[in-house]
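The values are calculated or read from the model by the stated rules, or taken from the named source; none is laboratory data. Every value quoted in this text rests on a predicted model; they were computed, and no experiment measured them. Virtual Cβ from ideal backbone geometry, glycine too; neighbours counted across all protein chains shown. Quick note on the areas: whole protein, heavy atoms, side chains included, nothing else; ligands and nucleic acids left out. Shrake-Rupley method; radii C 1.70, N 1.55, O 1.52, S 1.80 Å.
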Amino acid sequence: MVGDWNGDGTDSLGVRRDARVAGAQDGYDRRMFELINDYRAQNGVPPLRYWDGLRTGALSHSAWMDRNDRSAPDEPPTSFEHASAAVLRADTRAAGCGTGYAENIFWSSYESTPDLAMTEYMNSPGHRANILNRDLGFVATGTILVDGEIFNTQRFAFSCG
């Protein structure tokens, strides 16, 4: 690449090296969707339908948590928080869903599997309540991996379509 790498006003040749490896984890999210419905079935709750529009907001929120993280490596991110009600409402509407929604978030600084993340969710009363809520009908998850850290957002809606 050509650019002013040292700020002296002169372009020079350079190689861009970016230690951050970021990207959506499609397989992780597919497995998480299966696990959500497995847990619902084990608890006598009807399955959720996958709704791709919800994944857009879920991925966006996972990326936001990473972008706004100012913590030291291997410490919980400073931006590990739920989206605001206004963002959740807007994302849910943009997905073609009604105004009712729920959100779960997960972060890990070590290699995490969807099975491990779901165990953590199910061990948390609030997250478990969302996963097993009979009134929710739709779900998608958005997971990104950045520098070995997993950021996962589960987005639920009562009605879509």
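Being open to solvent by less than 20 Å² (accessible area, probe 1.4 Å) and under 15 Å from the mean Cα position of the chain (by Cα) is the filter here; which residues of the stretch 108-124 pass it? Break it down stepwise before answering.
Initial filter on the stretch 108-124 (open to solvent by less than 20 Å² (accessible area, probe 1.4 Å)): 108, 112, 114, 117-118, 121-122.
Ser108, Ser112, Pro114, Ala117, Met118, Tyr121 - these are the residues of the stretch 108-124 that are open to solvent by less than 20 Å² (accessible area, probe 1.4 Å) and under 15 Å from the mean Cα position of the chain (by Cα).
Just to be sure I understand, how many residues within the stretch 118-161 are within 27 Å of Asn68 (Cα to Cα), among the small types (Gly, Ala, Ser) and free of Cβ contacts under 8 Å to residues at least 24 places away in the same chain?
In the first step, residues of the stretch 118-161 are kept if they are within 27 Å of Asn68 (Cα to Cα); the result is 118-128, 130-131, 139-157.
Remaining after also requiring among the small types (Gly, Ala, Ser): 124, 126, 140, 142, 148, 157.
Retained after the next criterion (residues that are free of Cβ contacts under 8 Å to residues at least 24 places away in the same chain): 124, 126.
So the answer is 2.
Mind counting the residues in the stretch 92-107 that are surrounded by fewer than 23 Cβ atoms within 10 Å (Cβ to Cβ) and either among the acidic types (Asp, Glu) or within 21 Å of Tyr39 (Cα to Cα) (or both)?
Summing the residues that are surrounded by fewer than 23 Cβ atoms within 10 Å (Cβ to Cβ) and either among the acidic types (Asp, Glu) or within 21 Å of Tyr39 (Cα to Cα) (or both) in the stretch 92-107 gives 4.
Which helices (runs of 4 or more DSSP H) sit wholly inside the stretch 42-161 and have at least 3 residues that are of a type in the set (D, E, K, R)?
Once the helices (runs of 4 or more DSSP H) in the stretch 42-161 are filtered for at least 3 residues that are of a type in the set (D, E, K, R), what remains is 52-67, 85-94.
Take Asp38 and decide whether it is touching a strand residue (DSSP E or B) at 6+ places or on another chain (Cβ under 7 Å), surrounded by fewer than 18 Cβ atoms within 10 Å (Cβ to Cβ), at negative phi and not hydrophobic (A, V, I, L, M, F, W, C).
no
Show the residue pairs that are 6+ apart or on different chains and have beta-carbon atoms under 8 Å apart, the first residue being within the stretch 42-61 and among the β-branched types (Val, Ile, Thr), the second being buried (at least 19 other Cβ atoms within 10 Å of the Cβ).
Thr56/Asp91; Thr56/Ala95; Thr56/Gly142
Taking the stretch 144-161 as the search range and keeping residues that are buried (at least 23 other Cβ atoms within 10 Å of the Cβ) and of a type in the set (Phe, Trp, Tyr), which one is modelled with the highest pLDDT?
Looking at residues that are buried (at least 23 other Cβ atoms within 10 Å of the Cβ) and of a type in the set (Phe, Trp, Tyr), I get Phe156.
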